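Structure first, commentary second.
The values are calculated or read from the model by the stated rules, or taken from the named source; none is laboratory data. Since this is a predicted model, take the numbers as computed values, not measurements. All Cβ positions, even for glycine, are placed from backbone atoms using ideal geometry, and neighbour counts span all protein chains on display. Side chains included, ligands, DNA and RNA excluded: accessible areas come from the protein's heavy atoms. Shrake-Rupley method; radii C 1.70, N 1.55, O 1.52, S 1.80 Å.
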Amino acid sequence: MRGLRVHGGPGADGPARFDFSTTANACGPQPAAWQAVRRADRRHYPDPEGRALRERLAALHGVGAERVLLAASASEFIFRCTAVADPGAVRVPRFGFGDYAAAAHAFDKAVVHDVDPRRERRVALAWFADPGSPLGQPEAAPPTLPDDQVLQVLDRACAPLRLQGRSAWPAAAARAVFQLWSPNKALGLTGVRGAYAIAPARSRWTGRLQAACPSWPLGADGAAMLAAWTEPAVQRWVAASRLRLRGWQRSQQALLAALGFEPLPSVANFFVVRPPARVGMRRVEQALAAEGLRWRDTLSFGLPGAWRVSVQPPRAQQALRACLSRALEPCPR
């Protein structure tokens, strides 16, 4: 169905007992950020311009506050960018977050994966992600960046939980595009909505994106979460959590490989896994649902026949092993 959006996390039946379907930090919630959210003053309107918050985020990234754009969420910013972009096609990663294409369809924009100079269709908005989802692989910057006529955004929602390697984007290339950050995943607080973008030093798109921002994009809890994100102690906690996640990733991939599944390489706190040839996806999904476990089908990412699986702690992995072992047992005749 055109424009269909599929996401991980709880559905109508509520949270799973062990949820492998989201990319939230399984070490979370981050204690200080969680306390800040709980203490947030919800009795009053927050500053509609978020001046103090923007200054804190600007200091974190070493830029001027005028370059910080607040967003209700990464998804809200994706739709805002699509709304203000000039007429033309939208470039999205071949395998990527479904909201890029969903927003393009909502605004009657064509979707392309590669910019082909032989075609007349001009790209008006270009999305990049590093690392991208669902594969958890870095996406390199394009060989030559278009000029300011094209609105370009680098989605860095998964960057704080990069477990191996470094960004594939040179610093100069990253500074030339809008960089979208969504810290709720790294903090293990995906139920709190709030994001921001760092604009290039000079771009005709900054004013247009600011003008298209809804009033009070952040509630008190979202503002509190983003403010906590700027604290050095919180950043140190996130860095320490990556060390733990690396160990969990190795054990989880080994567990799945031992059962005949095919885990694909990933630099992030999630990876794609394919089922054994002898068992279908439906059988696995039925077994997971019966045990209160959830994976994320990658069809909405443009990658059929696999799942995106987030890295989870040992207790969840033990439940997964038991569940999948039963699912792989021969069916009685």
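Modelled spin labels at R278 and A65, positioned 7 Å past Cα toward Cβ, are 6.4 nm from each other.
Once you've got the GNM for the chain with C-alpha springs shorter than 10 Å, pick whichever of L161, L187, L243 has the biggest mean-square fluctuation. The residue with the greatest mean-square fluctuation here is L243. Segment 22-43 and segment 155-218 have their alpha-carbon centroids 19 Å apart.
Computed 3J(HN,Hα) for segment 252-257, one whole-Hz value per residue from the Karplus formula 6.51 cos²θ - 1.76 cosθ + 1.60 where θ = phi - 60°, is 5, 5, 5, 4, 5, 4, glycine and proline marked x.
Convex hull volume of the C-alpha atoms in the chain, normalised per residue: 148 Å³. Taking label positions 7 Å along the Cα-Cβ direction at both R321 and D47, the computed distance is 5.1 nm, reported to one decimal. In a Gaussian network model over the chain where Cα atoms closer than 10 Å are linked, find which of S266, S215, S182 has the largest mean-square fluctuation. Ranking S266, S215, S182 by mean-square fluctuation puts S215 first.
With the cut-off at 1.5 for a/c, could you classify segment 119-228 from its C-alpha gyration tensor as rounded, prolate or oblate?
Details: a/c = 2.12, a/b = 1.21, b/c = 1.75.
It comes out oblate by the Cα gyration axes.
First check a/c for segment 15-96, with a ≥ b ≥ c the square roots of the eigenvalues of its C-alpha gyration tensor; if it is under 1.5, answer rounded, and if not, answer prolate when a/b is larger than b/c or oblate otherwise. Since a/c reaches 1.5 but b/c is at least a/b, the shape of segment 15-96 is classed as oblate. Is segment 277-333 best put as rounded, prolate or oblate by its Cα gyration tensor, with a ≥ b ≥ c the root eigenvalues, rounded for a/c under 1.5, and otherwise prolate when a/b is larger than b/c, oblate when not? Judged from the Cα gyration tensor, segment 277-333 comes out oblate (a/c at least 1.5, b/c at or above a/b). Here M281 sits with roughly 40 square angstrom of accessible surface, probe radius 1.4 Å. For the chain, the antiparallel share of DSSP beta bridges with both residues in that region comes to about 50%. The mean sequence separation of alpha-carbon pairs under 8 Å and at least six residues apart, normalised by the residue count of segment 163-263, gives a relative contact order of 25 percent.
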